[in-house]
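A quick write-up on the structure given underneath.
The values are calculated or read from the model by the stated rules, or taken from the named source; none is laboratory data. Being a predicted model, the structure only gives us computed values, none of them experimental. Please note: Cβ atoms are built from the backbone with ideal geometry, for glycine as well, and neighbour counts cover all protein chains shown.
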Amino acid sequence: MKEMWDKRYKAEEFVYGKEVNAFLKDCLDRLPLKGEYLFPAEGEGRNGVYAAQRGLSVFALDISSQGKKKALALAEEKGVHIKYEVGDIADLNLEENSFDGAVFISAHFPPHLRSFYHQKIARLIKPGGYVILEGFSKSNLPLREANPEIGGPKNVDMLFSIEEIREDFKDFKIVELQEVERELHEGSLHNGMARVIRFVGSKE
Ligand SMILES: C[S@@+](CC[C@H](N)C(=O)[O-])C[C@H]1O[C@@H](n2cnc3c(N)ncnc32)[C@H](O)[C@@H]1O
């Protein structure tokens with residue numbers, strides 16, 4: 001898995017682009033986000049770097065050391081600082097209730113690990129803190145089969161449903177939880193009309 005992501009990120013181009021994910025930008029525009037945010041599965045850094053430009057303190061994590069290299073280069077290009085650890089969410093050992101929020105963008109995991117990872121990160125968030133998540137819906141699969149340019153997992157069990165996300169974050173008040181169809185233009189790997197699940201939850 002690490003080898004696959006390192007190989008993908010070795011390319012000079014930013015495979016998901018350098019622009020922030022549109023849903024995260026929208027959340028930063030409309031929600032009172034502040035303090036320290038965890039960005040698990042952050043890849044090449046487009047989201048954490050933008051969040052840092054908007055004033056958040058960013059702690060990024062990913063299994064790919066190539067991802068870290070590119071994220072730190074992007075941070076330097078934009079004149080911000082982010083903290084970035086190379087490691088697996090499974091091994092993360094941080095204090096519970098210590099972050100103001102977490103951001104998962106296109107962070108898909110094997111089905112037997114998804115809930116465990118989501119709940120592990122959820123425990124690190126302080127009461128009142130936010131989880132922001134956008135990922136491909138199970139109903140994206142037929143769209144992806146018709147247009148592989150959309151990208152995202154091909155395995156339906158790695159894709160999200162509203163029910164799974166509600167269950168994974170059941171200690172959170174739902175601010176938003178919906179499936180939407182939206183046009184993706186994210187680097188060379190996410191392009192076309194896709195179906196995604198969007199979630200914003202506030203920890204009770
Ligand atoms: C589709 S990419 C998304 C990257 C980034 N969030 C973005 O939107 O540009 C998925 C990322 O998940 C990371 N990843 C997968 N499993 C992981 C794990 N168990 N712990 C940490 N990172 C993981 C991969 O290395 C990869 O960078």
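Computed values, structure above
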| item | result |
| --- | --- |
| Pairs where the first residue, in the range 99-121, is surrounded by 15 or more Cβ atoms within 10 Å (Cβ to Cβ) and among the basic types (Lys, Arg) and the second is at pLDDT 95 or above and part of a helix (DSSP H, G or I), C-beta under 9 Å, 6+ apart | ARG114/ASP157; ARG114/MET158; ARG114/GLU164; ARG114/ASP168; LYS120/ILE89; LYS120/ALA90 |
| Answer residue from the range 155-169, given it is free of Cβ contacts under 8 Å to residues at least 24 places away in the same chain and surrounded by 12 or more Cβ atoms within 10 Å (Cβ to Cβ) and is farthest from ARG8 (Cα to Cα) among those | ARG166 |
| The listed residue being more than 8 Å from the ligand (Cβ to nearest atom) and either among the hydrophobic types (A, V, I, L, M, F, W, C) or crowded, with 20+ Cβ neighbours inside 10 Å (or both), out of ALA52, ALA41 | ALA52 |
| Subset of the range 182-196 (residues that are at positive phi and part of a strand (DSSP E or B)) | GLY192 |
| Only listed residue being among the aromatic types (Phe, Trp, Tyr), at negative phi and more than 9 Å from the ligand (Cβ to nearest atom), chosen from PHE99, PHE104 | PHE99 |
| Residue check for GLU95: acidic (Asp, Glu), surrounded by fewer than 21 Cβ atoms within 10 Å (Cβ to Cβ) and in contact with a helix residue (DSSP H, G or I) (Cβ under 9 Å, 6 or more places away or on another chain) | no |
| Residue within the range 92-114 that is at pLDDT 95 or above, under 21 Å from GLU149 (Cα atoms) and in a helix (DSSP H, G or I) present | no |
| Checklist (1) in contact (Cβ under 8 Å) with a residue 40 or more places away in the chain; (2) in contact with a strand residue (DSSP E or B) (Cβ under 6 Å, 6 or more places away or on another chain); (3) more than 9 Å from the ligand (Cβ to nearest atom); (4) under 27 Å from LYS10 (Cα atoms) applied to GLU134, failing item | (3) |
| Matching residues in the range 55-66 - criterion: being within 12 Å of the ligand (Cβ to nearest atom) and either crowded, with 18+ Cβ neighbours inside 10 Å or within 12 Å of the chain's Cα centre (by Cα) (or both) | ALA60, LEU61, ASP62, ILE63, SER64, GLN66 |
| Residue that is farthest from the ligand (Cβ to nearest atom), among those in the range 110-131 that are of a type in the set (A, V, I, L, M, F, W, C) and closer than 24 Å to TYR50 by Cα | ILE125 |
| Any hit, the range 67-78, residues being within 13 Å of the ligand (Cβ to nearest atom) and assigned to a loop (DSSP other than H, G, I, E, B) | no |
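Every residue, every condition in (1) in contact with a Gly (Cβ under 6 Å, 6 or more places away or on another chain); (2) under 26 Å from LEU31 (Cα atoms), yes or no:
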residue	(1), (2)
GLY135	no, yes
ILE150	yes, no
LYS154	no, no
GLU183	no, yes
